[in-house]
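The values are calculated or read from the model by the stated rules, or taken from the named source; none is laboratory data. Please read these numbers as outputs of a predicted model, since none were measured by experiment. Every residue, glycine among them, receives a Cβ derived from its backbone with ideal geometry; neighbour counts consider all protein chains shown. The area values use the complete protein model at the heavy-atom level, side chains included, leaving out ligands, DNA and RNA. Shrake-Rupley method; radii C 1.70, N 1.55, O 1.52, S 1.80 Å.
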Amino acid sequence: MAADIDGDRLEDLILLGTSELRFHFQDRQRGFRPEADRTHTMDGSPSIIWAARLGGPGESLLRMTHAGVE
């Protein structure tokens, strides 16, 4: 998935694993680093994840599970 998470107007990469999200922020000069800039561990619940503009310069990631939207 690609979305401007950090608000710099460049598309960042979000890699979805079985139980984690790995964020790779794009740098205007260097591109993407091979290792993730940020990792977020999730529980094993089935999820739908999408990017949305909720205010501010960047996009937010929303996660919907059986319990609701986070």
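Structure notes:
- Test: residue in segment 15-26 that is of a type in the set (D, E, K, R), open to solvent by 60 Å² or more (accessible area, probe 1.4 Å) and modelled with pLDDT of 95 or more: yes
- Taking residues in segment 42-70 that are among the aromatic types (Phe, Trp, Tyr), and partners anywhere that are open to solvent by less than 80 Å² (accessible area, probe 1.4 Å), the pairs with Cβ atoms closer than 7 Å and at least 6 places apart or on different chains are TRP50/LEU62.
- The set of residues from segment 1-18 being over 18 Å from GLY58 (Cα atoms) and either polar (S, T, N, Q) or assigned to a loop (DSSP other than H, G, I, E, B) (or both) comprises GLY17, THR18.
- Qualifying positions in segment 19-35 - of a type in the set (S, T, N, Q), within 14 Å of the chain's Cα centre (by Cα) and more than 15 Å from GLY58 (Cβ to Cβ): SER19
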